[in-house]
Amino acid sequence: MLGEVADLLLPRYCAGCGEPAERWSVLCARCRRLLARPPQRVFPKVTVPAPVFALGPYGGAHRGVVLAMKERRNLAVRKHVGAVLDAALTFLEVRGEIHPDALLVPAPTRAASARERGGDPVSVICKRSGRKVVDVLELAESTTDQSELDAAHRRSNLAGAVRMRRGWEALHTGTGAGPVIVVDDVVTTGATLQTSVEVLLAHGFDVVSCVAVCAA
């Protein structure tokens with residue numbers, strides 16, 4: 001009875017499509033099915049020195065959950081996306097398309113953006129996947145928003161802006177050496193992944209692939 005009253009007063013809406021969701025669920029059944037589809041290899045506009053996979057296109061449920069995580073501070077959906085990420089990685093491992101048991105490296109974001117969003121969504125979903133995470137990349141605060149930039153300007157904007165976090169050596173040593181996968185929310189031109197992989201390779205990391213929640 002109390003649950004029914006709560007649903008009437010505080011209805012639950014799907015983070016993927018905005019339609020009413022089942023009680024106590026952050027996603028409707030349709031969006032859960034869409035997010036469960038197998039990931040696919042994608043080919044960004046710029047050359048990324050590692051294979052790139054996306055869990056789906058930047059539209060529908062995938063776009064919805066990314067916006068919910070980033071713009072609407074929906075903290076609850078991050079746990080579900082973390083589970084989706086784990087399932088996608090397992091699928092790719094079984095297919096032999098990515099290295100099994102690789103460490104996850106979240107793509108970098110500005111500290112100010114992470115604070116505004118209640119924590120960095122990409123870092124959170126990596127940790128919610130239950131896999132080992134080495135959060136070693138950061139983005140300079142001087143970096144501008146990339147949403148309106150083309151590939152060339154994104155690359156220029158990121159020049160020298162992606163860097164290793166202070167104390168990254170200890171983080172790397174603590175988790176053990178091994179192959180890593182760079183994880184991002186959206187791959188658009190591929191500039192962020194390209195720069196991130198280059199920085200990691202320059203510091204001795206063995207980057208074997210990249211995975212994004214969706215590809216624009």
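The values are calculated or read from the model by the stated rules, or taken from the named source; none is laboratory data. Since the model is a prediction, treat every value here as computed from it, not as a measurement. Please note: Cβ atoms are built from the backbone with ideal geometry, for glycine as well, and neighbour counts cover all protein chains shown. Keep in mind that these areas ignore ligands, DNA and RNA; they rest on the heavy atoms of the full protein, side chains included. Shrake-Rupley method; radii C 1.70, N 1.55, O 1.52, S 1.80 Å.
Extension gain for Arg163-Ala140 works out to 7.5 nm (0.36 nm per residue, less the C-alpha to C-alpha distance).
I'd like the accessible area for Cys214: 1.4 Å probe, protein heavy atoms, all chains in place, Å² to the nearest 10. Rounded to the nearest 10, that gives 0 Å². Surface composition of the stretch 8-74: carbon plus sulfur atoms hold 54% of the accessible area, using a 1.4 angstrom probe and ignoring ligands, DNA and RNA. Sorting 121-130, 32-41 by their mean Cβ neighbour count within 10 Å, with the most densely packed peptide first, gives 121-130, 32-41. Length available on full extension from Ala76 to Lys132: 0.36 nm per residue minus the Cα-Cα distance, which gives 18.1 nm.
Tell me the net charge near Cys17. Cut-off is 14 Å between Cβ atoms, Cys17 excluded, with +1 for each Lys or Arg and -1 for each Asp or Glu.
Details: positive: Arg12, Arg30, Arg32, Arg33, Arg63, Arg72; negative: Glu19, Glu22.
Result for the local shell: +4.
Centre-to-centre separation between the Cα atoms of the stretch 57-71 and those of the stretch 120-136: 18 Å.
So how do 84-91, 200-207, 67-74 stack up, highest first, on mean other-Cβ count within 10 Å? Spell out each step's value before the answer.
Details: 84-91: 20.2, 200-207: 15.8, 67-74: 17.2.
Order by mean packing, descending: 84-91, 67-74, 200-207.
With R₀ set to 35 Å, the beta-carbon distance separating Gln40 from Ala170 gives a calculated FRET efficiency near 0.45. Sorted into 5 angstrom bins from 0, the C-alpha pair distances of the stretch 13-84 split as 3, 17, 26, 23, 14, 10, 5, 2, 1 percent.
How high is the FRET efficiency from Ser25 to Glu116, r the C-beta distance, R0 25 Å, rounded to 0.05? It comes out at approximately 0.45.
Heavy-atom accessible surface of His80, to the nearest 10 Å², is about 60 Å², with a 1.4 Å probe and all protein chains retained.
With +1 on the Cβ of every Lys and Arg and -1 on the Cβ of every Asp and Glu, and nothing else charged, how large is the dipole of the stretch 60-118 about its Cα centre, in debye rounded to the nearest 20?
Values: 10 positive and 6 negative charges, 101 e Å.
Once rounded to the nearest 20, the dipole reads 480 debye.
The length gained by stretching the chain between Glu93 and Ala216 to full extension, at 0.36 nm per residue less their Cα-Cα distance, is 41.9 nm.
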